[in-house]
Amino acid sequence: MLRIFEYANLDAVEDEGLLELELPYDLRKKSRVRTQTVCGREAGLFLERGNVLKAGDLLKAESGELLRIVAAEEEVSTITSENSLLLLKAAYHLGNRHVPLQICRNDQQNWLRYQRDYVLDDMVSKLGLVVKHEMASFHPESGAYHQGGHDKHHHDDEHSGHTHHHG
């Protein structure tokens, strides 16, 4: 089993030879996880508590192998509206419930995304927003008080065509 205790502090790494750990958000926020790489090798994470793994993060196994984190697709609810005030109200109400929330705002689209939950879907619908259920990678904001505890941070998991904003 690959035993992983640390982040890799490398500026540029070739993709060749990298192992990949594809994890949903609920596993990326845990510091102790038993899992396996995309190619099927057993891996155990023994990381410092309090950090959330982000897509593109690099880890180093004690045996020297490098691993790249990939955000797995998972069931999410994505809400959109042409009405910015409605989106702001939804963000307020979801934040008031401490719901991990991904926020996208750019020239092409504005949306909020959270892990699928029928109670939250109902609340957001009652605000007048459209809820779309889909499979997508989930990259919630890290929060104002958590600016990440490791040095290097990469974002090459933008395969869905959305622009992701991370805190």
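Data overview
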| read-out | value |
| --- | --- |
| Shape call, the stretch 2-71: gyration tensor on alpha carbons, a/c limit 1.5 | rounded |
| 27 Å Cα-Cα reach of LYS30 towards lysines, excluding residues that sit fewer than 8 places from it in its own chain | LYS54, LYS60, LYS152 |
| Ordering of 124-130, 22-28 by packing [mean C-beta count within 10 Å, highest first] | 22-28, 124-130 |
| Ordering of 88-96, 107-115 by burial proxy (mean other Cβ atoms within 10 Å per residue, highest first) | 107-115, 88-96 |
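Bear in mind that the values in this text are calculations on the coordinates, not laboratory data. Keep in mind the model is a prediction, meaning the values are calculated, not measured. For neighbour counting, all protein chains shown are included, and Cβ atoms are generated from backbone atoms with ideal geometry for every residue, glycine included.
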